[in-house]
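A short worksheet on the structure shown next.
The values are calculated or read from the model by the stated rules, or taken from the named source; none is laboratory data. Source: prediction; values computed, not measured. Cβ placement follows ideal geometry from the backbone for every residue including glycine, while neighbour counts extend to all protein chains displayed.
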Amino acid sequence: MVFEGQLKRGPTPTDTYYDEVDITSYLKQGENTISALVWYWGRDGYCHKNSGTAGFLFEAQNSQVSWVSDKSWKNHTCDAFGVTGDPKPNYRLPEYNIQYTSKAKYDGWMLPAYSETYFSPSVEVANAGGAPWNKLWKRPFPQWKNSGIVDYTNTLTYPFVSNGTVIEMVLPVNYTITPYLQIEAPTAGVTIDIRTDNYKGGSEYNVRTEYVTRAGVQEFETFGYMNGHKVQYSIPAGIKVLKLGYRRTSFPTEHIGLFQSDDAFLNTLWQKSLNTMDLNMRDAIQDPDRERAQWWGDAVIIMGQIFYTCDSIGVKAIKKAMSNLLEWQREDASIYSPVPAGTWHGELPQQTLASIGKFGFWNYYRYTGDKTFVDYAYPKIARYMDLWKLNAQGLVVHRPGAAEKGKENLFWDWTDWGSNIDMPLRCKDILRTQQNMNDNDKY
């Protein structure tokens, strides 16, 4: 019903997103069971603000029923899940590697007939709208597109017995996926490593999974998404492989803008660009692996592609991104990214200026005519622009960017990659250049 629900936390620095779904088709007359597997990261990242407390909120009401998640619900900490050893994901990601040890006691845990032996009464932490989750913001776009479990591009003849070499399964293109396997293991306690060829995308470790077998036939899908062109299964020798597959999830937009020419290179470039855009649309406008963070220098570029290509659902990703940026504006009026975030605190002025400029917020209004959003955004942008001053020569006074109070040393006066980068534009240098040009003109 809901696969990888709830967006990463942070519509504001204190609030939380929630999902709204229609469960009518899943209900039957009489007794029903509602089950959820919940993953609490417990740490901040460049794309997520940690609430500090795990929890699960559920509410379903109509004229006949009223179900709410209270102390009458049962819960259990699933001890099949653990944490891998090193290497672990780079510090920018709130997600951690998944380690799962197969245990028969969890077979069918979501079904009505499952024994409640392992479950205990829940503890009521807070009501909806209470701390630490605070105000609840409705998810602004639908659930992810979901392919279900499908086959890889390359075909294997099942079953076969692994010889211990890495089994590399090919995806059609760089997809965001959750890998799946079905195996028969002769013994328990054997570790299978699952990762993609993008495991070190961006030069640092991203996410991977370790699956620890039990004896017999078993299947597993790792619910922490990863991306890449290939999935690499390291299955020890002697294990019988019954099936390998994957589930693709992606942003729920449709491509309605098209490009086609008689130039094969341009057509290929279009397809690659289209897939890159898809990969960068998720909880936020982000990269798919190293940071999953909403840097606005990148978001502005992708916005133009979304407007050209996507339907109105795609535009909702842009509106969420703009809302995030403005709702995280600090008391000193500075606007910074990436947000949502718990471990980033500095303003990159050039990126913020790009966001509120011609190819950022103005582009949104040009394509949508959404005056209501302009009325909401304008006062916040005006406060930010008041931070910028002009000098006696009428030039913009350079600002290195603001940082969170108490973390003033954590900012990045970024203009471009490279060395010997010009930051402030100095009037005396302009005058000297002009004088040199005049002198040259004499000759």
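Couple of notes before you dig in:
- Region 401-427, subset under 22 Å from Leu326 (Cβ atoms) and out of contact with any strand residue (DSSP E or B) (no Cβ under 7 Å at 6 or more places or on another chain), residue surrounded by the most Cβ atoms within 10 Å (Cβ to Cβ): Ala402
- So Thr33, is it more than 18 Å from the chain's Cα centre (by Cα) and among the β-branched types (Val, Ile, Thr): yes
- Residue identified as more than 29 Å from the chain's Cα centre (by Cα), under 24 Å from Tyr211 (Cβ atoms) and at pLDDT 90 or above among Lys74, Lys105, Lys88: Lys105
- Inside region 332-341, residues that are at pLDDT 95 or above and surrounded by fewer than 20 Cβ atoms within 10 Å (Cβ to Cβ) make up a count of 1.
- Selection of region 271-292 for residues being assigned to a loop (DSSP other than H, G, I, E, B) and either closer than 21 Å to Phe3 by Cα or more than 12 Å from the chain's Cα centre (by Cα) (or both) yields Asn280, Arg282, Asp283, Ala284, Gln286, Asp287, Pro288, Asp289, Arg292.
- Cβ pairs under 8 Å, 6+ apart, first in region 294-313 and more than 16 Å from Thr352 (Cβ to Cβ) and without any contact (Cβ under 8 Å) to a residue 60 or more places away in the chain, second in a helix (DSSP H, G or I) and polar (S, T, N, Q): Gly304/Asn363; Gln305/Ser273
- Taken together, the residues in region 197-213 that are in a loop (DSSP other than H, G, I, E, B) and touching a strand residue (DSSP E or B) at 6+ places or on another chain (Cβ under 6 Å) amount to 5.
- The number of residues in region 104-123 that are part of a loop (DSSP other than H, G, I, E, B) and surrounded by 14 or more Cβ atoms within 10 Å (Cβ to Cβ) comes to 4.
- With a requirement of 1 or more residues that are without any contact (Cβ under 8 Å) to a residue 40 or more places away in the chain and among the small types (Gly, Ala, Ser), the helices (runs of 4 or more DSSP H) lying completely within region 339-387 that satisfy it span 371-385.
- Residue in region 60-81 that is over 30 Å from Glu184 (Cβ atoms), among the basic types (Lys, Arg) and touching a Pro at 6+ places or on another chain (Cβ under 9 Å) present: yes
- Taking the listed residues Arg432, Arg399, the one that is part of a loop (DSSP other than H, G, I, E, B) and modelled with pLDDT under 95 is Arg399, with no other qualifying.
- Boolean, Asn127 is assigned to a loop (DSSP other than H, G, I, E, B), surrounded by fewer than 15 Cβ atoms within 10 Å (Cβ to Cβ) and not hydroxyl-bearing (Ser, Thr, Tyr): yes
- Filtered residue count, region 76-99, keeping only those that are in contact (Cβ under 8 Å) with a residue 40 or more places away in the chain and more than 20 Å from Lys8 (Cβ to Cβ): 5
- Some residue of region 283-303 being out of contact with any helix residue (DSSP H, G or I) (no Cβ under 7 Å at 6 or more places or on another chain), surrounded by fewer than 17 Cβ atoms within 10 Å (Cβ to Cβ) and either farther than 24 Å from Thr415 by Cα or of a type in the set (Phe, Trp, Tyr) (or both): no
- Scanning region 310-325 finds one or more residues that are part of a helix (DSSP H, G or I), under 17 Å from the mean Cα position of the chain (by Cα), of a type in the set (S, T, N, Q) and surrounded by 21 or more Cβ atoms within 10 Å (Cβ to Cβ).
- Out of Trp144, Trp137, Trp109, sole residue that is out of contact with any strand residue (DSSP E or B) (no Cβ under 9 Å at 6 or more places or on another chain) and touching a residue at least 60 places away in the same chain (Cβ under 8 Å): Trp109
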